[in-house]
Amino acid sequence: MLLSARLFFHILRDTLVVLSAHDLSVVKSDRLLFDKLNFSVEQGGLLYVKGPNGAGKTSLLRVLCGLLDSESGEVNFKQQAIHSVSSSFHHQLVYFGHKAGLNLRLSAIENLDFWCKQHEQNVSIEQIYQTLAELQLVGLEELPIGHLSAGQQRRVALARLWFKSSACLWILDEPFTALDTSGISLLMNKIADFLRSGGAVVMTSHQDLELDYPKQELVLEYRI
Amino acid sequence: MWKWLHPYAKTEKSYQLCQTLLPWFSVFGLFTLIVATVWGLAFAPADYQQSDAFRIIYIHVPSAILSKMLYSSMAIAAFIGLVWQVKTAFMAMIALAPIGAMVTFVSLITGAVWGKPMWGTWWEWDARLTSQLILLFLFFGVMSLYKSFDDQQQAGKAAGVMAIVGVINLPIIHYSVEWWNTLHQGATILKMDKPSMPPEMLWPLLLAIVSWALVSGAIFLLRLQNEIIRREIKRPWVLAMVSQVQDVNTGDNNSPKPEQAQ
Amino acid sequence: MTPLWALFKRDLTLAFHQRAELIQPLIFFMLVVSLFPLGVGPNPATLQMIGPGVIWVAAILSSLMGLERLFRDDFQDGSLEQLLLSGSALPLVALVKVTTHWLTSILPLLILSPLLALFLHLNEAMYWALLATLILGTPLLSLLGAIAVALTVGLNRGGVLLALLLVPIFIPLLIFATSAVDAAALSLPYNAQLAIIGAMLLFALALAPFATAYALRVSQN
């Protein structure tokens, strides 16, 4: 009886796991960044990756997205290796990296409209205008991105988090960089909302995360 | 198939394999090279048409054959690396590239030297010479692409793709150049229809080809070892090996270092 | 289909924004071709003889100039990452990019070709042969070029390296294309050359997008 209850609990927990890493080792430029890393993120879970510069935080996140190949070990998305389900995995993922992913010659609207279509999200132009207004970018929607300030560009890039409704996992690499206080609180609220609705988040940040939400920490060390 | 092998053990194993194979390749290679060269240059009968000038064949033909074989082996190594994600295969690929380029270069030089008495010119846009020249460029392409990357794993993969693109193109290039050559053939080219070689000329040639293959193999093994050591300099097994060598040195010779310092 | 169509439209829009940059390889193409009469003299017979080769060499060189545009911006601003994570099939994405590149950078070159044929005294039969080889051959330049661009996109200094990688591979194309025009000059049939170029094109069409897709993944490492 107890055994079956425990088994049930395990199964339940396994089905809740969104992303998990098993014995993950990553080598970059012949340097071992980390070795045999194990962790899992469940629905509604927040994994906060910490560590000094060069410890491999960005590399880890890129491995989790499938952009970077690991030396050994595997990354699973809902119990399946990400490379075997890459299309459906990417359909449910938003990655936000160091590079904004915005073309400087196109406007915010053009960039985001393209992104939504590319990621097969059904978002109307009106919705994009609305979200940009929410992000305090009124009047800048049709200017080429290159004319916007760094913080404004980040805000435009972050708008993706509002659009990808099919996502159940966000991987955010230093999302607060170049944002002002109002931008940071806007983003914090968005992340908290997403987590409460059952999404999973993996993120790095140099700022202390003042998020009123239980978080799991993963500390990477700099290795030589 | 490959996943169960731990990647570090693999390079260590291939290093040891090189270590065991190297003496055989070097000894046999050098021996056959000397025999074949002396036999070919001094004892084989002279050609009735070209007299002694033909003797360069004992260097030209082996290098020309080897150059294509080396390019193919390089592409095969790249293919293995790309498909099965074998790190050592990329090291093998880049260890092969300069040897191949060198051999191709030798075949070009000897071809030109041979061309001078035969065709009366150092360079003739002969089909074989031309495709050999392009082959040299293909080797250069793979090598320069590899060298351009800082991350050598990335370098291996990128150069690997290029090596494979090149090997697919090689027959097309060869065929097109040959066809182009017959189209534009000038009158100066002395058409050499080769009668079947008499055995006393053929044997040293075959031996020369084998010896070139063995010597290239020996150089390849040495280069692969170097590449492995260079890439894995911080791995425990390399450090262990280095300290072993140091122990032997300091143990046998009664600490020669202070003497050198004086 | 929609994601790929969106990509196609976006790349065309971008090309329109960058039209000044697109015109440069065209001017270069014209310039190279007009150097030859200056270099070898204006004798129509000589020019007619070297004309096909000159136009093709110039086309190869100028296509190398514009090729970097193919993935450079997308790599640098991070659009490529987002493209890789969009769930679209990457070989198809590569194919769409190659198509837009061909339409925006190479097609104008084809449109200019009658003028150049005039410069080099090609006769009408030669011109039609030239046009046919250009139509069949230039997509091959873009397809194979895309592989090398994808391989070198992370290096920030691809220019000369790109030429070093690609020029040897373009040699068969040059040989068959110029020989087709030469055959036309002697009013001989040149179907065989066109068929070979067509075969090479189909072969590249089948394989190059996969190689490009792989190279793009490697560029992210």
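Any read-out appearing in this document is the output of simple, stated calculations on the displayed coordinates, not a laboratory observation. Keep in mind the model is a prediction, meaning the values are calculated, not measured. Here Cβ is always computed from backbone atoms with ideal geometry, including for glycine, and neighbour counts include all displayed protein chains.
Positive-end ranking of C:Leu103, A:Ser86, A:Ile128 along the dipole of the protein assembly as shown, with charges on Cβ about the Cα centre, is headed by A:Ser86. Each Lys and Arg adds +1 at its Cβ and each Asp and Glu adds -1 at its Cβ; summed about the Cα centre, the range C:1-103 shows a dipole of about 240 debye. Farthest toward the positive end of the dipole of chain B, out of B:Met69, B:Val238, B:Pro204, is the Cα of B:Val238, where the dipole comes from beta carbon charges about the Cα centre. Multiplying the residue separation of A:Leu16 and A:Glu142 by 0.36 nm and subtracting their alpha-carbon distance yields 41.2 nm. As a proxy for reagent exposure, C:Arg157, A:Arg105 were ordered by neighbouring Cβ count within 10 angstrom, fewest first; the result is C:Arg157, A:Arg105. Each label was represented as a point 7 Å from its Cα along the Cα-to-Cβ direction; for B:Asp247 and C:Leu92 these points are 6.1 nm apart. Taking a point 7 Å out from the Cα of B:Asp151 in the direction of its Cβ, the residues of the range C:131-171 whose backbone N falls within less than 12 Å of it are C:154-155. Between B:Phe105 and A:Gln207, the modelled labels are 5.7 nm apart [label points 7 Å from Cα along Cα→Cβ].
Loop-resident GluC sites (Glu not before Pro) (DSSP state other than H, G, I, E or B) in the range A:48-150 with no more than 12 further Cβ atoms inside 10 Å of their Cβ: A:Glu142.
Net charge dipole, the range B:1-132: roughly 520 debye, given to the nearest 20, about the Cα centre with Cβ charges of +1 for Lys and Arg and -1 for Asp and Glu. The trypsin sites (Lys or Arg not before Pro) of the range B:211-241 meeting both criteria, a DSSP state outside H, G, I, E and B (loop) and at most 16 other C-beta atoms within 10 angstrom of the site's C-beta, are B:Lys234.
Excluding same-chain neighbours fewer than eight residues apart, the aspartates and glutamates reachable from B:Lys87 by a Cα-Cα span under 12 Å are A:Asp30, A:Glu71, B:Glu12, B:Glu227, B:Glu232. Note on A:90-102: average number of Cβ atoms from other chains within 10 Å of each residue's Cβ is 4. Evaluated with a Cβ-only charge set (Lys, Arg +1; Asp, Glu -1), the protein assembly as shown carries a dipole of roughly 580 debye about its Cα centre, given to the nearest 20.
You can think of it this way: the chain between A:Glu120 and A:Ala133 has 2.4 nm of extra reach, that is 0.36 nm per residue less the Cα-Cα gap.
Annotation for the range A:193-224 versus the range C:1-23: alpha-carbon center distance of 38 Å. Would you mind classifying the range C:2-219 by shape? Square roots of the alpha carbon gyration tensor eigenvalues, ordered a ≥ b ≥ c; an a/c under 1.5 is rounded, otherwise it is prolate if a/b is larger than b/c and oblate if not. Prolate, since a/c reaches 1.5 and a/b exceeds b/c. Once both labels are positioned 7 Å from their Cα atoms along Cα-to-Cβ, the gap between A:Lys99 and A:Ser87 label points is 2.5 nm.
Within the straight-line cut-off of under 22 Å between alpha carbons, the lysines reachable from A:Lys164 are A:Lys78, A:Lys99, A:Lys117, A:Lys190, C:Lys9, sequence neighbours fewer than 8 places apart in one chain being disregarded. Each helix, a run of at least 4 DSSP H residues, gives -39500 (n - 2.57); summed and divided by the residues of the protein assembly as shown, these come to -22500 deg cm²/dmol at 222 nm.
Rounded to the nearest 10 degrees, the angle from helix A:2-16 to the longest Cα principal axis of chain A is 30 degrees.
Taking every DSSP bridge with both residues inside chain A, close to 50 percent are antiparallel.
With the charge dipole of the protein assembly as shown set up from +1 on Lys and Arg Cβ and -1 on Asp and Glu Cβ about the Cα centre, the Cα lying farthest toward the positive end among the listed residues C:Ser34, A:Cys168, B:Ala218 is that of B:Ala218. Per-residue Cβ neighbour counts within 10 Å put B:Met241, B:Met201 in the sequence B:Met241, B:Met201, beginning with the fewest.
Ranked for footprinting exposure by Cβ neighbours inside 10 Å, fewest first, A:Asp180, A:Asp173, A:Asp208, B:Asp150 give A:Asp208, B:Asp150, A:Asp180, A:Asp173.
The angle between the Cα long axis of helix A:125-134 and the longest principal axis of the Cα atoms of chain A comes to about 80 degrees, rounded to the nearest 10.
Shape analysis of the protein assembly as shown places it in the oblate category; the axes a ≥ b ≥ c from the Cα gyration tensor give an a/c of at least 1.5, with a/b not above b/c.
Of interest is the spacing of the C-alpha centroids, which for the range C:191-211 and the range A:29-85 amounts to 40 Å. Loop sites here are chymotrypsin sites (Phe, Trp or Tyr not before Pro) outside DSSP states H, G, I, E and B with no more than 13 other Cβ atoms within 10 Å. The longest part of chain B free of them is B:123-262. Shielding of peptide A:115-122 by partners, expressed as the average count of other chain Cβ atoms within 10 Å per residue Cβ, is 6. The ellipsoid equivalent to the alpha-carbon distribution of chain A has semi-axes of 31, 21, 17 angstrom, derived from the gyration tensor eigenvalues as √(5λ) and listed largest first. Compute the angle between helix A:108-118 and the longest alpha-carbon principal axis of chain A, please, reported from 0 to 90 degrees and rounded to the nearest 10. For helix A:108-118, the angle is close to 40 degrees.
Of the DSSP beta bridges with both residues in the protein assembly as shown, give the percent that are antiparallel, rounding to the nearest 5. Beta bridges within the protein assembly as shown, antiparallel portion: roughly 50 percent.
Across peptide C:168-178, the average count of Cβ atoms from other chains found within 10 Å of a residue's Cβ is 6.
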